[in-house]
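FYI, it's all coordinate maths here, none of it is from the lab. All figures in this text were calculated on a predicted structure; none of them were measured in a lab. No Cβ is skipped: glycine too gets one built from the backbone with ideal geometry, and neighbour counts run over all protein chains shown.
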Amino acid sequence: MKRTTQRSRACFDRFERRLHARAKANVHPPNNEESKMTTRTSFLALTILLVPALTAFAGMDYPMKCKNCGFTCRVQIGGGMGFEQITGFCVEAGKFVYLQWKRGEKKPEPMAKVWDSATGKMIEIYKCPDCPQPFIPLRRKANDADGPGFDHCPKCGKQTFQVDKAQGIIAFD
Ligand SMILES: [Zn+2]
Ligand SMILES: [Zn+2]
């Protein structure tokens, strides 16, 4: 964790130097409004740089509940300090499953690749770690700070799968 923080600090310092170099290169002396803007930009940049760095090796564990069918479960997204994992839903077992490997080691090979005409993209399919059935890694929206980044319920298919606010979201590493 510490190493990550230092790295992101160094990253931010580089950004600061670039920002100052750019300010110096500016022929007009910065007026108040501009320097206020610079401060705001720096703060924003710090937030953007630090948040992913601090959570880079921390996974999130979300309590989920479907408002339509009532299905409840916890879903883990991301790996920890020592491991990485792919999350998917095993239809056979009716639960979320996790394909894990040690951080730094090679990611497991998919059992198949299929082409999805809806997106034009190739989808990698993995073997469920608990049974012989295949699963597709969760396909999530990026930058979802409040939830796991998807809202389709794996049981009823409706977009009513939400974080159960009565329970806590847990970060793990
Ligand atoms: Zn399975
Ligand atoms: Zn449901």
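Using the number of other C-beta atoms within 10 angstrom as an exposure proxy, rank Ile125, Ile77 with the fewest first. Could the numbers behind the result be given before it?
Working: Ile125 14, Ile77 19.
Taking fewest neighbouring Cβ atoms as first place, the list is Ile125, Ile77.
Could you give the nm distance between label points at Lys113 and Phe83, where each point is 7 Å from its Cα heading toward the beta carbon?
The two pseudo-label positions are separated by 2.7 nm.
Which ordering of Val97, Val114, Val163 is given by a fewest-first count of other beta-carbon atoms within 10 Å?
So the ranking, lowest neighbour count to highest, is Val114, Val163, Val97.
Neighbouring Cβ atoms within 10 Å as the yardstick, rank Met60, Met122, Met81 fewest first. Walk me through the numbers before you get to the answer.
Numbers: Met60 17, Met122 10, Met81 13.
Ascending Cβ contact count within 10 Å gives the list Met122, Met81, Met60.
Using 0.36 nm per residue, how much length does the chain from Ile169 to Lys95 gain when fully extended, once their Cα-Cα distance is taken away? The partial results should precede the final answer.
Numbers: separation 74, 0.36 × 74 = 26.64 nm, distance 1.86 nm.
Fully extending the segment from Ile169 to Lys95 adds 24.8 nm.
Just to confirm the filter: which GluC sites (Glu not before Pro) across segment 66-173 are DSSP coil and have at most 16 other Cβ within 10 angstrom of their Cβ? Provide the component values of the computation, followed by the final result.
Details: sites: Glu84, Glu92, Glu105, Glu124; in loops: Glu92, Glu105.
Taking segment 66-173 and a limit of 16 other Cβ atoms within 10 Å, the loop GluC sites (Glu not before Pro) found are Glu92, Glu105.
What would the Debye formula give as log10 I(q)/I(0) at q = 0.22, 0.24, 0.31 Å⁻¹ for the alpha-carbon point model of segment 90-143, no solvent?
-0.99, -1.09, -1.22
With +1 assigned to the C-beta of every Lys and Arg and -1 to the C-beta of every Asp and Glu, and no other charges, what is the dipole magnitude of segment 61-153 about the Cα centre in debye, to the nearest 20?
Details: 14 positive and 11 negative charges, 11 e Å.
Using Cβ point charges on Lys, Arg, Asp and Glu, segment 61-153 gives about 60 debye.
Please go through segment 122-153 and write out the trypsin sites (Lys or Arg not before Pro) that DSSP classes as loop and that have at most 11 other C-beta atoms within 10 Å.
Working: sites: Lys127, Arg139, Arg140, Lys141; in loops: Arg139, Arg140, Lys141.
Taking segment 122-153 and a limit of 11 other Cβ atoms within 10 Å, the loop trypsin sites (Lys or Arg not before Pro) found are Lys141.
Within segment 59-172, how many Lys pairs sit with Cα atoms under 14 Å apart, leaving out pairs fewer than 8 places apart on the same chain?
Final tally of qualifying lysine pairs is 11.
Determine the gain in length on full extension of the stretch Gln133-Asp61; use 0.36 nm per residue of separation and subtract their C-alpha separation, reporting nm with one decimal.
Details: separation 72, 0.36 × 72 = 25.92 nm, distance 2.40 nm.
That pair, Gln133 and Asp61, stretches by 23.5 nm at full extension.
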